[in-house]
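K.L.:
Here it is, the structure, as structure tokens.
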Amino acid sequence: MFKKRRERKQAELHEELAGALREPDAAVRAKAALDAAEAGDLGWALPELAAAVAREPWTDDFHETVVDGFAAALRRDAAIRERTERIVAEHLTDPEGFVRAWTGFVAELGGPPAPRDIGEDLCDDMRERLTYLRGEGWTAEGIDRLGRPGTFLRDLAFDLAVMLASLVVRRSEPLSDEEAERLRGAMRARLAQAARFAPGSTDRVDILVTVADLPAEDSWTERAQVGLLIDEALELCGDADPDRRTLGVETLSDLLLFNGVQRYGAVRAALDRLAAAAPGARVLGEVLRCYDWLHAHKPLAEPPLALFLDALRHPDAEVRKAAAEGLVPMAEGSPVEREAVHGLTGLLDGDVEVGVRVSAARTLANLDCAEEGNERDAAAALERHAGSPVPAVRALSLGAALARNVPGAYDRLLHELESPDPHWEFVSVCANASMSEGFRLPDEVRPRLVARLEALESSGWTDRLADPGDYPDADDLTEMVSKLLERLRTAR
């Protein structure tokens with residue numbers, strides 16, 4: 001009799017929790033998930049929780065959702081916990097293997113079937129998460145060094161792995177056929193409008209931005225939408241009509257700019273084909289920018305360094321600018337590092353366009369050269385322009401001097417900040433210096449520098465210098481000054 005009563009109560013509890021796991025209120029679902037994890041019957045709880053994670057509505061933060069209860073349930077059983085940890089530890093550098101092992105494991109527990117195809121975008125997303133987990137203490141041996149199971153740091157690392165794995169799988173879900181067709185139709189209509197205007201024109205740029213800068217829909221399908229749009233742009237990039245190819249690469253460039261890199265391999269192949277066809281300035285500039293974004297996302301195998309070096313001498317200023325910007329970090333430690341430094345120095349010393357000189361100076365300032373001689377040449381080129389009439393160039397020269405602790409660099413900075421409207425780059429280079437390892441602010445400089453920045457902060461400078469349509473806007477400048485002041489007040 002007592003057994004039947006316990007079984008009946010357990011069944012009633014399961015029914016109540018199963019209903020709560022489907023409630024619209026996220027807090028109710030999250031509490032029910034933790035209660036289910038602690039309910040005692042893992043044979044019931046694990047499939048219920050795995051299914052709840054798979055249907056969890058879109059959220060900005062996957063933490064404090066049903067996934068917390070799922071992680072807690074996985075931790076309760078020693079064998080299941082050990083298997084979960086082994087899956088993570090054995091695949092920290094193998095995103096595809098991790099996805100296959102993880103989704104297969106969840107399917108065994110009673111969750112949704114494992115996907116047959118593991119696409120490149122899903123693997124790229126998981127690769128970034130696995131990199132993060134390594135930074136949080138995961139190694140190929142697991143997380144034993146963080147403490148015994150049940151200790152805070154150990155459980156936190158475990159829960160992070162479960163949360164990120166679940167998050168990436170949810171983010172990879174494909175669009176329905178109806179949604180995909182709707183998105184394609186809307187994109188093609190806007191591209192037809194953009195095609196009526198000249199490449200690079202304001203009207204065309206404005207339309208392409210509406211294609212690439214997707215409105216926030218609070219949906220798990222945002223990545224799938226971007227992937228579909230990139231596919232459409234890649235199809236245009238391969239069109240026989242040169243005007244349509246131009247439109248395609250302009251669209252692709254904006255999509256990568258606004259949404260990050262997806263379809264990595266397909267994009268690289270398309271860029272290689274476009275570059276090999278001796279494109280005009282407009283296409284070449286966008287191709288260089290796209291290569292740059294791909295390399296920043298994941299270093300390119302055999303980066304097209306010769307293309308970038310040749311483009312430093314291109315007659316079109318936008319192409320030279322794109323080439324200069326893309327050489328960092330692409331040229332660092334490469335066989336052409338010296339040639340890159342000399343090419344950038346030539347632009348800084350003699351280019352007729354201010355924007356190109358600024359881009360060359362920024363790259364020289366940010367290049368982490370492998371060869372000491374190249375590092376010295378880059379520093380010397382920047383020092384030659386310490387008195388440049390272009391404030392941004394002067395600021396980048398100063399930033400390099402601050403990084404090298406050049407005598408008198410802080411006096412130069414204080415002098416620049418005496419202006420009521422100093423260029424924002426002077427604040428930026430000081431902020432960068434303050435974040436560098438081994439930063440030491442001279443005691444006699446600290447109060448003077450803090451006073452200058454406080455005066456800027458209270459003078460309305462952030463509004464006067466802001467560019468509402470570009471970086472930095474007023475909020476960017478306010479945050480820049482505020483965080484810099486915080487570091488300067490506490491740095492020793």
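The values are calculated or read from the model by the stated rules, or taken from the named source; none is laboratory data. Being a predicted model, the structure only gives us computed values, none of them experimental. Neighbour counts are summed over all protein chains in view; Cβ atoms, including those assigned to glycine, are modelled from backbone coordinates with ideal geometry. Side chains are part of the model used for accessible areas, which takes the heavy atoms of the whole protein and leaves out ligands, DNA and RNA. Shrake-Rupley method; radii C 1.70, N 1.55, O 1.52, S 1.80 Å.
K.L.:
Relative contact order for the stretch 225-277: what is it in percent, counting Cα pairs under 8 Å that are at least 6 residues apart?
P.N.:
38
K.L.:
What do you reckon, how do Leu122, Leu488 stack up by accessible area (1.4 Å probe), largest on top?
P.N.:
From most accessible down to least: Leu122, Leu488.
K.L.:
Let me ask something additional. Mean residue ellipticity at 222 nm from the helices of the chain, using -39,500 (n - 2.57) per DSSP H segment of n ≥ 4 over the full residue count, to the nearest 500 deg cm²/dmol?
P.N.:
Rounded to the nearest 500, it is -22000 deg cm²/dmol.
K.L.:
Report the FRET efficiency, 1/(1 + (r/R0)^6), for Val445 and Asp475, where r is their Cβ-Cβ distance and R0 is 41 Å, rounded to 0.05.
P.N.:
Once rounded, the FRET efficiency stands at 0.90.
K.L.:
Probe 1.4 Å, all protein chains in place: accessible area of Trp220 in Å², nearest 10?
P.N.:
Counting only protein heavy atoms, the figure is 30 Å².
K.L.:
Quick check on the chain: what does the Kirkwood estimate of hydrodynamic radius come out to from the alpha carbon pairs, in Å? Working shown, then result.
P.N.:
Numbers: mean 1/r = 0.0381 Å⁻¹.
Hydrodynamic radius (Kirkwood, Cα pairs) of the chain is 26.3 Å.
K.L.:
If amide hydrogens are placed 1.01 Å from N in the peptide plane, which non-local residues have theirs closer than 5 Å to the one on Asp473?
P.N.:
Here the answer is Asp467, since their amide H atoms fall under 5 Å of that of Asp473.
K.L.:
In whole angstrom, and with the biggest value first, how far do the Cα coordinates of the stretch 49-140 range along each principal axis?
P.N.:
29, 27, 26
K.L.:
Further question: Where does each of Lys483, Lys298 land when they are ordered by accessible area, with a 1.4 Å probe and the largest first?
P.N.:
Lys483, Lys298
K.L.:
Enter the accessible area per residue of the chain (Å², integer; probe 1.4 Å; all protein chains in place).
P.N.:
Dividing the accessible area of the chain by its residue count gives 49 Å².
K.L.:
Quote the charge dipole size of the stretch 1-156 about the Cα centre in Debye, to the nearest 20; the model charges only the Cβ of Lys and Arg (+1) and of Asp and Glu (-1).
P.N.:
Its charge dipole is roughly 920 debye.
K.L.:
Show log10 I(q)/I(0) for the stretch 334-492 at q = 0.08 Å⁻¹, two decimals, from a solvent-free Debye sum over equal Cα scatterers.
P.N.:
The computed values of log10 I(q)/I(0) come out as -0.24.
K.L.:
What does the extension gain come out to for Ala192 and Asp310, with contour length at 0.36 nm per residue minus their alpha carbon separation?
P.N.:
Computed gain between Ala192 and Asp310 is 39.1 nm.
K.L.:
Let me ask another. Zone of Arg116 (label point 7 Å along Cα→Cβ, backbone N under 16 Å): which residues in the stretch 157-178?
P.N.:
174
K.L.:
Would you kindly state how much longer the chain becomes between Glu418 and Asp272 on full extension, computed as 0.36 nm times their sequence separation minus their alpha carbon distance, in nm to one decimal?
P.N.:
Extending this stretch completely gives an extra 47.7 nm.
K.L.:
Tell me, what ³J(HN,Hα) does each residue in the stretch 93-106 have, in order and in whole Hz, if you take phi through Karplus 6.51 cos²θ - 1.76 cosθ + 1.60 with θ = phi - 60° and put x for Gly and Pro?
P.N.:
After applying 6.51 cos²θ - 1.76 cosθ + 1.60, I find 10, 9, x, 5, x, 5, 4, 5, 5, 5, 5, x, 4, 5 Hz.
K.L.:
While we're here: List, in order, the whole-Hz ³J(HN,Hα) value for each residue of the stretch 221-235 obtained from phi through the Karplus relation with A = 6.51, B = -1.76, C = 1.60 and θ = phi - 60°; use x for Gly and Pro.
P.N.:
Those phi angles translate into 8, 4, 5, 5, 5, 4, x, 5, 5, 5, 4, 5, 5, 5, 5 Hz.
K.L.:
Please report the net charge: other residues with Cβ closer than 12 Å to the Cβ of Pro299, K and R +1, D and E -1.
P.N.:
Taking every Cβ under 12 Å from that of Pro299, the sum is -1.
K.L.:
Starting at the first residue of the stretch 161-177, write each ³J(HN,Hα) from the Karplus equation 6.51 cos²θ - 1.76 cosθ + 1.60 with θ = phi - 60°, in whole Hz, x for Gly and Pro.
P.N.:
Per-residue couplings from phi come out as 5, 5, 5, 5, 4, 5, 4, 5, 4, 5, 5, 8, 5, x, 6, 5, 4 Hz.
K.L.:
While we're here: Taking 7 Å along the Cα-to-C-beta vector as the label spot, tell me the Arg182-Ala11 distance in nanometres, rounded to one decimal.
P.N.:
Using points 7 Å along Cα→Cβ, the separation is 4.2 nm.
K.L.:
How big is the charge dipole of the chain about its Cα centre, in debye rounded to the nearest 20, if each Lys and Arg gets +1 on its Cβ and each Asp and Glu gets -1 on its Cβ?
P.N.:
Numbers: 60 positive and 90 negative charges, 213 e Å.
Computed charge dipole of the chain: roughly 1020 debye.
K.L.:
I'd like the distance between the alpha-carbon centres of the stretch 128-184 and the stretch 376-425, rounded to an integer number of Å.
P.N.:
Centre-to-centre distance over Cα atoms comes out at 43 Å.
K.L.:
Total Lys pairs in the chain closer than 29 Å by alpha-carbon, pairs eight or more apart in sequence or interchain only? Write out the running numbers ahead of the final one.
P.N.:
Details: Lys3/Lys31; Lys4/Lys31; Lys9/Lys31; Lys298/Lys321.
Close lysine pairs under the 29 Å cut-off: 4.
K.L.:
Of Val209, Leu456, His91, which is farthest along the charge dipole of the chain in the positive direction, counting Lys and Arg as +1 and Asp and Glu as -1 at C-beta?
P.N.:
Farthest towards the positive end: His91.
K.L.:
OK, next. Residue separation times 0.36 nm, minus the C-alpha to C-alpha distance between Glu457 and Glu173: what's the value? Numbers along the way, then the final one.
P.N.:
Values: separation 284, 0.36 × 284 = 102.24 nm, distance 4.57 nm.
Value of the extension gain: 97.7 nm.
K.L.:
Would you kindly find the accessible area of Asp467, with a 1.4 Å probe and non-protein molecules such as ligands, DNA and RNA excluded, rounding to the nearest 10 Å²?
P.N.:
Spelled out: Asp467, probe radius 1.4 Å, area about 70 Å².
K.L.:
Can you give me the relative contact order of the stretch 51-205 as a percent, contacts being Cα pairs under 8 Å and 6 or more apart? Mind showing how you got there, number by number?
P.N.:
On the way: 118 pairs, mean separation 36.3, N = 155.
Answer for the stretch 51-205 is 23 percent.
K.L.:
Over the stretch 119-163, how many percent of alpha carbon pairs lie in each 10 Å bin up to the one with the longest distance?
P.N.:
Binned Cα distances yield the sequence 28, 48, 19, 5.
K.L.:
Kirkwood Rh over Cα pairs of the stretch 96-179 into Stokes-Einstein at 25 °C, 0.890 mPa s: D in µm²/s?
P.N.:
It diffuses with D of about 175 µm²/s by this estimate.
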